[in-house]
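Here is the structure we will look at.
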Amino acid sequence: MDFKNADILSTEQFDRASLEHLFEVALKMEPFAKKEKKGDLMNGKILASLFYEPSTRTRFSFETAMKRLGGETISATEIASSSIFKGETLADTAKVVEKFADVIAIRHPESGSAQVFADNASIPVLNAGDGPNQHPSQSLLDMYTIKKECGKIDGLTIAMVGDLKYGRTVHSLSLLLRHYDVKIVLVSPDELKMPKEYLEKFDEKGLAYEEILDLGEAAKKSDVIYMTRVQKERFTDLNEYEKLKNAFVMSRGLIEEANKKAIIMHPLPRIGEISLDMDDFAGSAYFRQVENGVAVRMAMISLVLGKA
Amino acid sequence: MDFKNADILSTEQFDRASLEHLFEVALKMEPFAKKEKKGDLMNGKILASLFYEPSTRTRFSFETAMKRLGGETISATEIASSSIFKGETLADTAKVVEKFADVIAIRHPESGSAQVFADNASIPVLNAGDGPNQHPSQSLLDMYTIKKECGKIDGLTIAMVGDLKYGRTVHSLSLLLRHYDVKIVLVSPDELKMPKEYLEKFDEKGLAYEEILDLGEAAKKSDVIYMTRVQKERFTDLNEYEKLKNAFVMSRGLIEEANKKAIIMHPLPRIGEISLDMDDFAGSAYFRQVENGVAVRMAMISLVLGKA
Amino acid sequence: MDFKNADILSTEQFDRASLEHLFEVALKMEPFAKKEKKGDLMNGKILASLFYEPSTRTRFSFETAMKRLGGETISATEIASSSIFKGETLADTAKVVEKFADVIAIRHPESGSAQVFADNASIPVLNAGDGPNQHPSQSLLDMYTIKKECGKIDGLTIAMVGDLKYGRTVHSLSLLLRHYDVKIVLVSPDELKMPKEYLEKFDEKGLAYEEILDLGEAAKKSDVIYMTRVQKERFTDLNEYEKLKNAFVMSRGLIEEANKKAIIMHPLPRIGEISLDMDDFAGSAYFRQVENGVAVRMAMISLVLGKA
């Protein structure tokens with residue numbers, strides 16, 4: 001993948017080499033992301049941050065990345081109702097915004113919206129989440145976090161826990177994990193199992209995976225445990241939900257007994273699926289993911305602008 | 001017009017000399033607007049961008065202008081409900097905001113609101129649209145675009161198309177065109193003809209104008225065709241609307257036959273009045289207007305702050 | 001009080017020495033707040049400005065303070081509905097935002113919210129108003145204004161006028177005035193008298209106070225008159241409100257007769273409790289308070305980041 005002037009719309013654009021290249025650049029960005037140094041790589045550059053639906057965490061991460069590298073931002077939030085969109089096609093909006101900015105981060109509730117933007121803007125477009133479809137910067141920071149926490153990715157056993165049927169983050173993560181030699185452990189209620197198409201993708205690459213219902217048992221054999229939320233709304237049978245909901249909660253008691261060396265991740269926000277007593281567990285990496293996110297987004301921005 | 005410390009509230013403030021001066025400054029701003037150079041003219045200066053109604057395009061344009069010249073912005077959007085306004089008069093808000101910023105861009109749904117702001121703030125106020133009244137930065141960038149696209153304004157024939165009765169942009173543009181030796185072509189449905197007061201203003205200056213119903217015929221004799229939207233809501237008789245709506249659409253077929261050298265302009269957003277096949281027509285200048293808008297707003301800001 | 005890395009959550013944290021120290025730093029900040037000089041003290045630093053309820057004046061003041069010192073801001077307004085909060089605890093949000101910013105200003109409708117943020121964020125938190133509880137930056141700028149306007153605080157007689165029962169600003173101001181040798185004059189309708197606990201606090205410090213119903217009489221004996229609004233909604237008997245509402249309005253006629261040297265203050269927005277003819281009265285300091293607010297917030301930010 002040649003990053004210069006590229007759009008980053010989907011994790012499917014990445015192969016192992018481009019992932020590794022991005023990780024290297026992200027590592028160089030860490031002193032800026034960690035507030036140790038002030039960057040100037042983006043001096044004179046503007047990021048347009050267009051959030052057609054709210055996601056303050058992702059927006060702050062992109063804007064922080066840009067500003068700590070010396071760049072500027074112009075920002076629109078919840079702009080579904082605004083005049084930039086008033087009857088205007090996304091295609092026209094893209095042709096307008098390219099006149100203002102050097103790079104665009106777009107969050108939009110509809111699948112494919114980032115692609116439309118990229119097709120019409122002559123400047124790089126970074127997909128900051130297009131509905132149920134893709135959220136590549138999240139998956140890239142997840143992979144970067146795994147590598148940083150464990151020192152490698154090959155050889156690891158990665159558990160994904162919770163709603164594996166609808167969860168965008170675990171799907172995207174699965175696509176990226178395929179580029180490494182990992183074992184996959186899938187932990188979910190029956191109603192929310194990983195869709196077959198993803199299992200087939202593991203098979204294609206010869207990656208071993210197993211489905212385990214018990215979180216403790218899964219934790220025992222996993223180096224990394226990626227938690228996600230099990231939403232009540234997903235269940236047709238609420239008795240089933242009540243019965244299962246606690247089965248997918250990570251607690252200090254559980255992890256201390258199962259695997260004291262495990263790395264615990266979560267895309268945030270957590271609702272109750274990681275108990276508060278986990279916060280000072282050494283392997284709890286979910287807030288470190290946020291910091292890694294800034295470095296990874298710095299890398300994305302720098303790479304597409306040819307400044308890495 | 002002495003720009004230094006002036007407010008820019010209305011196109012009526014401009015004579016030919018002040019327009020030409022603004023165009024000269026805008027031309028010098030182009031390398032910054034076009035992202036070729038990083039400016040520092042506005043270092044240490046703050047633009048307050050107060051948008052009491054949404055208009056992301058105009059807001060982004062002002063903010064981009066300020067930031068690419070090295071300045072900063074503080075920004076409030078849809079602040080009708082906010083505490084800066086909670087029961088507070090516009091006059092008091094002006095006296096507050098002048099303590100924070102060096103220059104103010106205000107967008108407000110009520111006619112005269114920008115004037116109230118200007119009367120009470122000791123710093124320059126730029127009207128970014130006060131309801132049906134004025135939107136001078138739009139008209140200035142329109143004039144600048146005509147000059148850039150055609151190399152001159154004197155001697156041109158300018159067609160204005162669509163809703164000439166209610167359209168704020170064509171009214172403001174008319175007021176500025178009076179300072180040049182141009183011919184005017186007016187193309188609109190009967191219900192939406194240019195009001196008499198503007199025709200009288202053309203007469204006062206001895207400018208020739210004619211009303212033509214057929215867009216193709218108008219295009220044949222025009223150097224510049226300024227398109228605007230014909231809104232359904234303006235018609236009392238919807239049959240009349242249905243009959244007419246396609247008569248004021250610019251398409252590739254029409255312009256190729258009528259006038260291959262015409263310049264096509266539009267204040268955006270376009271809804272359907274310029275067909276998509278126009279986008280790669282050489283004379284289609286409506287997205288270039290956006291870029292010119294940044295240069296023109298850079299000129300406005302710099303002039304009123306005495307930094308041009 | 002050691003400011004470095006401290007949170008500023010309440011006026012109760014301040015003693016006389018820390019107030020005086022803050023005032024000294026604010027005085028040094030004035031050239032930057034008054035737009036005479038461009039600062040660089042905050043170069044490379046980011047303020048996260050989190051406004052869970054709108055307060056554009058306070059937000060602009062913090063953001064202006066940061067930007068005029070060369071720093072940057074990331075800003076979220078009305079974020080109650082946003083994903084940073086979607087089901088997430090304030091504690092988790094604090095742990096996320098600390099990864100992006102160097103210092104946080106938070107405005108939130110609930111008492112104690114700023115404390116929760118401070119308990120969970122490893123970076124300094126500045127309370128920009130937590131509901132009915134505290135709004136320390138307002139009280140600090142009020143004290144600073146008194147000192148600037150009068151050259152001293154000891155020995156002054158300070159009148160507080162209006163809603164003394166529910167008014168957060170007069171309560172906070174009272175707590176800070178206790179550190180000086182002042183006389184207090186309390187002017188309010190019976191329904192809205194200063195709560196006993198504050199009177200007791202005056203007693204503890206041996207500060208003389210008196211309650212006066214007549215504003216003119218109060219003005220005669222006061223150096224500073226701090227006006228606040230009397231809200232209709234506070235009255236159970238609307239006849240009582242109608243009878244009283246004009247008794248607590250400061251007008252030019254009243255002050256010219258009572259005390260031409262008085263300093264008139266108000267936290268803004270004023271609704272009608274200071275008449276417009278007061279605006280060019282020499283002692284009217286309510287818009288100067290806004291300017292002082294920028295200098296005081298510059299001092300707060302610089303002190304907690306150890307850069308003062």
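For GluC sites (Glu not before Pro), the sites in the range B:1-106 that DSSP calls loop and that have at most 14 other Cβ atoms within 10 Å are B:Glu36. Here chain B is assigned +1 on the Cβ of each Lys and Arg and -1 on the Cβ of each Asp and Glu. Its dipole about the Cα centre then comes out at about 960 debye.
Hey, how many Å between the Cα centroid of the range B:154-225 and the Cα centroid of the range B:1-61? One Cα centre to the other: 26 Å. Positive-end ranking of B:His108, B:Thr73, B:Leu215 along the dipole of chain B, with charges on Cβ about the Cα centre, is headed by B:Thr73. Think of each Lys and Arg Cβ as +1 and each Asp and Glu Cβ as -1; about the Cα centre, that makes the dipole of the range B:137-289 roughly 460 debye.
Of B:Ala33, B:Ala91, B:Ala121, the residue with the greatest mean-square motion in the GNM of chain B, using alpha carbon springs below 10 Å, is B:Ala91. Take each residue of peptide A:65-72, count the partner chain Cβ atoms within 10 Å of its Cβ, and average: the result is 4. Annotation for A:Ser111, label-to-label distances across the other copies: 5.0, 5.0 nm (shortest first, one decimal, point 7 Å from Cα along Cα→Cβ).
Seen from C:Gln13, the other residues with C-beta closer than 12 Å to its C-beta sum to a net charge of -4, counting Lys and Arg as +1 and Asp and Glu as -1.
Rounded to the nearest 20 debye, the dipole size of the range C:212-306 about its Cα centre is 260 debye, using +1 on the Cβ of Lys and Arg and -1 on the Cβ of Asp and Glu. A Gaussian network model of chain B, with springs between Cα atoms under 10 Å, assigns the largest mean-square fluctuation among B:Lys220, B:Lys35, B:Lys260 to B:Lys35. Across chain C, the relative contact order, built from alpha-carbon pairs under 8 Å that are at least six residues apart, equals 21 percent.
Per residue of A:44-53, count partner chain C-beta atoms within 10 Å of its C-beta, then hand back the mean as an integer.
Whole-number average of other-chain Cβ neighbours for A:44-53 is 3.
Only helices enter this figure: runs of n ≥ 4 DSSP H residues, each worth -39500 (n - 2.57), summed and divided by the residues of chain A, yield -12000 deg cm²/dmol at 222 nm to the nearest 500.
Shape verdict for the protein assembly as shown, please, from the Cα gyration tensor: rounded (a/c under 1.5), prolate (a/b greater than b/c) or oblate. It comes out oblate by the Cα gyration axes.
Obtain the radius of gyration and the Kirkwood radius of the range B:47-183 from its C-alpha atoms and give Rg over Rh. When Rh is taken as the Kirkwood radius, the ratio is 1.02. Annotation for C:Asp15, label-to-label distances across the other copies: 6.9, 6.9 nm (shortest first, one decimal, point 7 Å from Cα along Cα→Cβ). Toward the positive end of the charge dipole of chain A, with +1 on the Cβ of Lys and Arg and -1 on the Cβ of Asp and Glu, the farthest Cα among A:Tyr144, A:Val187, A:His171 is that of A:Tyr144.
Whole angstrom only: what separates the Cα centroid of the range A:243-282 from the Cα centroid of the range B:291-305? Their Cα centres are 55 Å away from one another. For the listed peptides C:242-255, B:151-164, a ranking on the average number of other beta carbons within 10 Å per residue, highest first, reads B:151-164, C:242-255. The Kirkwood radius of chain A, taken over pairs of alpha-carbon atoms, gives through the Stokes-Einstein law at 20 °C and 1.002 mPa s a diffusion coefficient of 107 µm² s⁻¹.
Ascending distances from the B:Arg288 label point to its copies in the other chains, with the point 7 Å along the Cα-to-beta-carbon line: 5.5, 5.5 nm. With a 10 Å cut-off around each Cβ of C:285-292, the average count of Cβ atoms from other chains is 3. For the peptides C:265-273, B:193-201, residues were scored by their other Cβ atoms within 10 Å and the scores averaged per peptide; the highest-first order is C:265-273, B:193-201.
Could you check which residue among C:Leu238, C:Leu177, C:Leu126 shows the biggest mean-square fluctuation in a GNM of chain C with a 10 Å Cα cutoff? Highest fluctuation among the options: C:Leu238.
Only the coordinates and a few stated rules stand behind these numbers; no lab work does. From a predicted model like this one, the values you see are computed outputs, not experimental measurements. Quick reminder, even Gly has a Cβ in these numbers, built from the backbone with ideal geometry, and neighbours come from all protein chains shown.
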